[in-house]
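Written out below as structure tokens is the structure these notes cover.
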Amino acid sequence: MRISSEERLLLCKGLDFVITSKEIEINNIKSRTEEDYSAAIALEKIIGAEFSLDTRKARDIEKINNEITEIKKFKHEINSLRNNLLLVPDYIKLHLKSE
């Protein structure tokens with residue numbers, strides 16, 4: 001798919017907004033309490049596991065940080081000087097990685 005400079009700029013701005021919203025989400029996770037994780041606590045009691053608020057917050061933050069890293073990689077690809085953008089569906093990537 002060929003993209004113009006204007007389209008590239010719009011995509012990068014959009015990705016910047018997504019990154020900002022993810023960073024806000026991380027700040028919201030940091031302020032969560034056990035009350036916010038009440039369903040997870042109940043589930044872990046049922047299966048006999050212990051719930052750790054700090055561990056759960058760290059895991060949620062790590063997940064979002066991984067998403068931000070992927071978005072930044074994608075933004076770098078878009079922002080490169082090439083005019084072609086190759087989008088490959090996840091199921092094809094998985095198949096190629098598994099061989």
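Each value in this text was obtained by applying a stated rule to the coordinates, not by laboratory testing. Please read these numbers as outputs of a predicted model, since none were measured by experiment. So basically every Cβ, Gly included, is an ideal-geometry build from the backbone, and we count neighbours across all protein chains shown.
Sorting 68-76, 38-46 by average packing, meaning the other beta carbons within 10 Å per residue, from highest down gives 68-76, 38-46. In order along the stretch 19-36, the phi-based Karplus estimate (6.51 cos²θ - 1.76 cosθ + 1.60, θ = phi - 60°) of 3J(HN,Hα) comes to 4, 4, 5, 5, 5, 5, 4, 4, 4, 5, 5, 4, 9, 5, 10, 4, 4, 5 Hz; Gly and Pro are listed as x. With each label modelled as a point 7 angstrom along the Cα→C-beta vector, the ASN28-GLU67 pair spans 1.0 nm. Excluding same-chain neighbours fewer than eight residues apart, the aspartates and glutamates reachable from LYS45 by a Cα-Cα span under 19 Å are GLU34, GLU35, ASP36, ASP54.
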